[in-house]
């Protein structure tokens, strides 16, 4: 889908174009389990065993055969103990029980565990005065995971919980998607790197650090190309080099309509442009294109617009490259504490603060000034307030769509 320089498309149209253009990486690698955190599974994980492997107790208590319990009060003799890793080796006969600990193996001829708090103890005997049922407080073989079942599906990101599940199966290594490589550079004659001296018309490059931080948080390999001189020759050279090394290129600044903005000119000559303007605030001058097999995102120069466009467009694109399944955000509707002015015709994304109100429950309020250059607002907020293309002004108490930063 090629766009002319005058076309402006909606957020949903842009997201649809990105989805159509990006295919997941096919390369795989084998990693040991401790190194799998943050990676994406390349194939389904099939369980080699049942979990639990054996019947075990769900709590500390006493184990017995339910047939030995009659209505009213029952007294059983304690004949031993079963510990996790040290099971009871004997065989229970009628009227007997054992002391059992959480995770300990259930002996043969035993089908019930009662919590220790619900029995009365008298030397080697216990008395049960409460109702019991066969099978209570027992974890059965394969109750958590059945041998031969799909434990984790291909495309799932491996987090701490997934690591624990894989470890419980004794899996020492697995196949994952290879790390996505992203080249990053800033452009603009006013941009200076940290450590350089500023004159009255220059600023430090914060965007490159913000973008690199968000990429590393996703487990991406970052190729930092620094600040590129604002000339057509330098930018064309940088884009060519980046396309040869990276799966994706991200720049910030230099994608507006100014005479000295060479990025779109070079992108047009080296590859193609899919779109370059959105009905979005902040983030209107977002360019998406391609050079050979490398996808290109030209983010705006304003710091907040950089983070907004990264989170709503770049991040899901990288997830799609990784082959991950969870690329969609969950919309959460929360009452808004502020009145927000809005006309239909573009999507507006504001920085917000989710707070727990004693009377109203969870509510959201804005961080204050919403200028796209107010980067400090991103450190004050914990969510985005998402006002879609067709929405109108919001009155105090109206519900708005909220995307907590933790969802990204």
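So which residues in segment 338-364 are farther than 12 Å from residue 281 by Cβ, under 24 Å from the mean Cα position of the chain (by Cα) and either surrounded by 12 or more Cβ atoms within 10 Å (Cβ to Cβ) or touching a residue at least 24 places away in the same chain (Cβ under 8 Å) (or both)?
Result: 351, 352, 353, 354, 355, 362, 363, 364.
Residue-wise test of (1) within 22 Å of residue 136 (Cβ to Cβ); (2) in contact with a helix residue (DSSP H, G or I) (Cβ under 9 Å, 6 or more places away or on another chain).
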position: 19; (1), (2): no, yes
position: 32; (1), (2): no, no
position: 45; (1), (2): no, yes
position: 50; (1), (2): yes, no
position: 60; (1), (2): yes, yes
position: 75; (1), (2): yes, no
position: 90; (1), (2): no, no
position: 107; (1), (2): yes, no
position: 115; (1), (2): yes, no
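Of all the residues that make up segment 199-215, how many are in contact with a strand residue (DSSP E or B) (Cβ under 7 Å, 6 or more places away or on another chain) and modelled with pLDDT of 95 or more?
Taking segment 199-215 and keeping what is in contact with a strand residue (DSSP E or B) (Cβ under 7 Å, 6 or more places away or on another chain), we get 202-205, 207-208, 211-212, 215.
Checking the rest, the ones that are also modelled with pLDDT of 95 or more come to 211-212, 215.
Looking only at that region, the number is 3.
Tell me, which strands (runs of 3 or more DSSP E) wholly within segment 37-111 include 2 or more residues that are in contact (Cβ under 8 Å) with a residue 40 or more places away in the chain, touching a strand residue (DSSP E or B) at 6+ places or on another chain (Cβ under 7 Å) and surrounded by 14 or more Cβ atoms within 10 Å (Cβ to Cβ)? First the steps, then the outcome.
On the way: elements: 61-64, 74-82, 96-100.
Result: 61-64, 74-82.
Can you find a residue that is closer than 27 Å to residue 30 by Cα and touching a strand residue (DSSP E or B) at 6+ places or on another chain (Cβ under 6 Å) anywhere in segment 121-144? Quick ask: steps written out before the conclusion?
Restricting attention to segment 121-144, the residues satisfying the condition of being closer than 27 Å to residue 30 by Cα are 144.
Going one step further and asking which of them are touching a strand residue (DSSP E or B) at 6+ places or on another chain (Cβ under 6 Å), we end up with 144.
Among the residues of segment 121-144, at least one is closer than 27 Å to residue 30 by Cα and touching a strand residue (DSSP E or B) at 6+ places or on another chain (Cβ under 6 Å), which makes the answer yes.
Looking at this structure, is residue 237 surrounded by fewer than 18 Cβ atoms within 10 Å (Cβ to Cβ), outside any loop (DSSP other than H, G, I, E, B), more than 31 Å from the chain's Cα centre (by Cα) and modelled with pLDDT of 95 or more? Let's see the steps before the verdict.
Details: surrounded by fewer than 18 Cβ atoms within 10 Å (Cβ to Cβ): yes; outside any loop (DSSP other than H, G, I, E, B): yes; more than 31 Å from the chain's Cα centre (by Cα): yes; modelled with pLDDT of 95 or more: yes.
Yes.
Only one residue in 161, 134, 167, 154 is within 30 Å of residue 178 (Cα to Cα), part of a loop (DSSP other than H, G, I, E, B) and either under 41 Å from the mean Cα position of the chain (by Cα) or not assigned by TED's automatic domain parsing to the domain that holds residue 37 (or both), so which one is that? Show your work before the answer.
Numbers: 161 fails: part of a loop (DSSP other than H, G, I, E, B); 134 fails: within 30 Å of residue 178 (Cα to Cα); 167 fails: part of a loop (DSSP other than H, G, I, E, B).
Selected residue: 154, the only one of 161, 134, 167, 154 that is within 30 Å of residue 178 (Cα to Cα), part of a loop (DSSP other than H, G, I, E, B) and either under 41 Å from the mean Cα position of the chain (by Cα) or not assigned by TED's automatic domain parsing to the domain that holds residue 37 (or both).
So is residue 323 at positive phi and either modelled with pLDDT of 95 or more or surrounded by fewer than 23 Cβ atoms within 10 Å (Cβ to Cβ) (or both) or not? Working first, answer last.
Working: at positive phi: yes; either modelled with pLDDT of 95 or more or surrounded by fewer than 23 Cβ atoms within 10 Å (Cβ to Cβ) (or both): yes.
Answer is yes for this residue.
Are any of the residues in segment 330-337 closer than 21 Å to residue 288 by Cα, buried (at least 20 other Cβ atoms within 10 Å of the Cβ) and touching a residue at least 40 places away in the same chain (Cβ under 8 Å)? It would help to see each step written out before you state the result.
Going through segment 330-337, the residues closer than 21 Å to residue 288 by Cα turn out to be none.
No; the residues of segment 330-337 include none that is closer than 21 Å to residue 288 by Cα, buried (at least 20 other Cβ atoms within 10 Å of the Cβ) and touching a residue at least 40 places away in the same chain (Cβ under 8 Å).
So residue 176 clears everything in (1) farther than 24 Å from residue 326 by Cβ; (2) surrounded by 17 or more Cβ atoms within 10 Å (Cβ to Cβ) except one condition, right? Which one?
It is condition (1) that residue 176 fails.
Scanning for something in the same structural domain as residue 218 (by TED's automatic domain parsing), surrounded by fewer than 24 Cβ atoms within 10 Å (Cβ to Cβ) and closer than 30 Å to residue 175 by Cβ, does segment 276-290 turn up at least one residue?
Yes; the residues of segment 276-290 include at least one that is in the same structural domain as residue 218 (by TED's automatic domain parsing), surrounded by fewer than 24 Cβ atoms within 10 Å (Cβ to Cβ) and closer than 30 Å to residue 175 by Cβ.
For segment 216-231, how many residues are outside any loop (DSSP other than H, G, I, E, B), under 18 Å from residue 314 (Cβ atoms) and in contact with a strand residue (DSSP E or B) (Cβ under 8 Å, 6 or more places away or on another chain)?
As a first pass, look at segment 216-231 and keep what is outside any loop (DSSP other than H, G, I, E, B): 216-217, 221-228.
In the following step, the residues that additionally are under 18 Å from residue 314 (Cβ atoms) were identified as 216-217, 221-225.
Now restrict to residues that are in contact with a strand residue (DSSP E or B) (Cβ under 8 Å, 6 or more places away or on another chain): 216, 221-225.
Qualifying residue count, segment 216-231: 6.
With the structure loaded, tell me whether residue 196 is in the same structural domain as residue 81 (by TED's automatic domain parsing) and exposed (fewer than 15 other Cβ atoms within 10 Å of the Cβ) or whether it fails that test. Step through it out loud before you land on a result.
Details: in the same structural domain as residue 81 (by TED's automatic domain parsing): no; exposed (fewer than 15 other Cβ atoms within 10 Å of the Cβ): yes.
Judged against the criteria, residue 196 is not a match.
Looking only at residues in segment 180-193 that are surrounded by 19 or more Cβ atoms within 10 Å (Cβ to Cβ) and part of a loop (DSSP other than H, G, I, E, B), which one is nearest to the chain's Cα centre (by Cα)?
180
If a residue must be in contact with a strand residue (DSSP E or B) (Cβ under 9 Å, 6 or more places away or on another chain), over 29 Å from residue 213 (Cα atoms) and outside any strand (DSSP E or B), how many such residues does segment 339-389 contain?
So the count comes out to 5.
The values are calculated or read from the model by the stated rules, or taken from the named source; none is laboratory data. Being a predicted model, the structure only gives us computed values, none of them experimental. In this analysis, Cβ positions are derived from the backbone assuming ideal geometry, glycine residues included, and neighbour counts consider all displayed protein chains.
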